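The values are calculated or read from the model by the stated rules, or taken from the named source; none is laboratory data. Note that the coordinates shown come from a computational prediction; the quantities given were computed from them, not determined experimentally. Virtual Cβ from ideal backbone geometry, glycine too; neighbours counted across all protein chains shown. These area figures cover heavy atoms from the full protein model, side chains too; ligands, DNA and RNA do not enter into them. Shrake-Rupley method; radii C 1.70, N 1.55, O 1.52, S 1.80 Å.
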Amino acid sequence: MKGKNLVSITDFSKDEYLRILNIAADFEKNPNQKLLNDHVVASLFFEPSTRTRLSFETAANRLGARVVGFSDSGSTSVKKGESLKDTIIMVSGYADIIVMRHPREGAARWASEVSSVPVINAGDGANQHPSQCLLDMYSILQTQGTLDNLNIAFIGDLKYGRTVHSLVQAMCNFNATFHLVSPEQLKLPSSSKMHIKNNKLEYHQYTELADIMPIADIVYMTRIQQERFSDPLEYEKVKNSYVLTKSMLEGCKPNMKILHPLPRINEISEDVDETPQAFYFKQAENGVYVRQALLAAIAGVK
Ligand code: CP
């Protein structure tokens, strides 16, 4: 994996996913391994983030790397009109790995094509979020003991949810059955459904959350992505579509766990947080170990 970009989750093979998850398990046991003392990681966030930026930066720090970058492109020369191409060419002269989030779909691919160092996509618009996908897989493996043959339910904004797009593609390697719960306007894009079909797997579509509760091994809740709506009235129509409450967990499978990439708005009621099914905060913690594994593998030290 040394020197590879991670722009789309399909840039890595099934063997590479499993290798990252194995390395992450090692970092979870022993997080402070100073393997990147001679590395600089650039953390370029053109769009807001809490978990992805802070967990990548924590991962880099735990590995002994130095971090440069920005969390607000308004304080950079982008504000003066500098292009993404020029920004990336220049930063790739400063750093050994670039982690980049950008609101435009395809921006990470474009960056990887002009960068002289590896680029990790930390989310590009509604397209992909591959490092989140790897930590989601790690969390699924941790809670289920396997990635194979699972019933995975995705709930909420399946149209704009980039974490959903990446995880659907990845779990097609593990014989998953997909249960897709969304409002009519926010269904999974046809390209993702084609990916499922091309792998000869099944998906089922629903509009009611209650329908999937007895069958799901993983309930993957998502936020309605307000920032992707061009018409605020359309957001108003769907913003409260699904709210998972504690009482809805009765009758779920004993192994069922709830994941959410976070942030949540109101789609998981706080009374769920103390239930044994809630795994989303541990899932966010797992982001550090998985991102340590990713940085170490791409740097070629693991
Ligand atoms: N899961 C996730 O991408 O969260 P942030 O937007 O806070 O990085």
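Structure notes:
- Meets criteria (at positive phi and either crowded, with 21+ Cβ neighbours inside 10 Å or within 14 Å of the chain's Cα centre (by Cα) (or both)) for residue 161: no
- Residue check, residue 261 under 30 Å from residue 36 (Cβ atoms), open to solvent by 10 Å² or more (accessible area, probe 1.4 Å) and not in a helix (DSSP H, G or I): yes
- Qualifying residue in segment 219-239 (condition: more than 16 Å from the ligand (Cβ to nearest atom), within 28 Å of residue 141 (Cβ to Cβ) and not β-branched (Val, Ile, Thr)): no
- Note on segment 63-73: among residues that are away from the ligand (no atom under 16 Å from the Cβ) and surrounded by fewer than 21 Cβ atoms within 10 Å (Cβ to Cβ), the one that is farthest from residue 227 (Cα to Cα) is 64.
- Taking the criterion of being under 23 Å from the mean Cα position of the chain (by Cα) and among the aliphatic types (A, V, I, L, M), the residues of segment 21-39 that qualify are 21, 23, 24, 25.
- Test: residue in segment 184-194 that is outside any loop (DSSP other than H, G, I, E, B), within 18 Å of the chain's Cα centre (by Cα) and touching a residue at least 60 places away in the same chain (Cβ under 8 Å): no
- Residue 166 meets the conditions (1) open to solvent by 10 Å² or more (accessible area, probe 1.4 Å); (2) within 16 Å of the ligand (Cβ to nearest atom); (3) assigned to a helix (DSSP H, G or I); (4) of a type in the set (Ser, Thr, Tyr) in every case but one. The failed one is (1).
- Members of segment 274-300 found to be farther than 14 Å from residue 1 by Cβ, open to solvent by 10 Å² or more (accessible area, probe 1.4 Å) and of a type outside the set (Ser, Thr, Tyr), listed by number: 274, 276, 277, 278, 279, 281, 282, 284, 285, 288
- Of the numbered criteria (1) within 28 Å of residue 300 (Cα to Cα); (2) of a type in the set (D, E, K, R); (3) away from the ligand (no atom under 16 Å from the Cβ), the one residue 148 fails is (1).
- Looking across segment 187-227 at every residue that is more than 14 Å from residue 153 (Cβ to Cβ) and in contact with a Pro (Cβ under 9 Å, 6 or more places away or on another chain), the one that is least open to solvent (accessible area, probe 1.4 Å) is identified as 224.
- Note on segment 150-161: residues that are among the aliphatic types (A, V, I, L, M) and part of a loop (DSSP other than H, G, I, E, B) total 2.
- Residue 243 falls short on exactly one of the conditions (1) farther than 20 Å from residue 164 by Cβ; (2) open to solvent by 40 Å² or more (accessible area, probe 1.4 Å), and that condition is (1).
- Checking 46, 12 one by one, the residue that is under 26 Å from residue 126 (Cβ atoms), buried (at least 19 other Cβ atoms within 10 Å of the Cβ) and away from the ligand (no atom under 16 Å from the Cβ) is 12 and no other.
- Of all the numbered requirements in (1) within 12 Å of the ligand (Cβ to nearest atom); (2) surrounded by 17 or more Cβ atoms within 10 Å (Cβ to Cβ); (3) in a helix (DSSP H, G or I); (4) not hydroxyl-bearing (Ser, Thr, Tyr), residue 54 misses one, and that requirement is (2).
- Unique residue being open to solvent by less than 20 Å² (accessible area, probe 1.4 Å) and either within 16 Å of the ligand (Cβ to nearest atom) or not in a loop (DSSP other than H, G, I, E, B) (or both) when the list is 60, 25: 60
Residues are listed down the side, and each one gets a yes or a no for (1) more than 16 Å from the ligand (Cβ to nearest atom); (2) out of contact with any helix residue (DSSP H, G or I) (no Cβ under 9 Å at 6 or more places or on another chain):
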| residue | (1), (2) |
| --- | --- |
| 256 | yes, no |
| 262 | no, no |
| 267 | no, yes |
| 273 | yes, no |
| 287 | no, no |
| 292 | yes, no |
| 296 | yes, no |
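- Residue in segment 82-100 that is within 16 Å of the ligand (Cβ to nearest atom) and touching a residue at least 12 places away in the same chain (Cβ under 8 Å) present: yes
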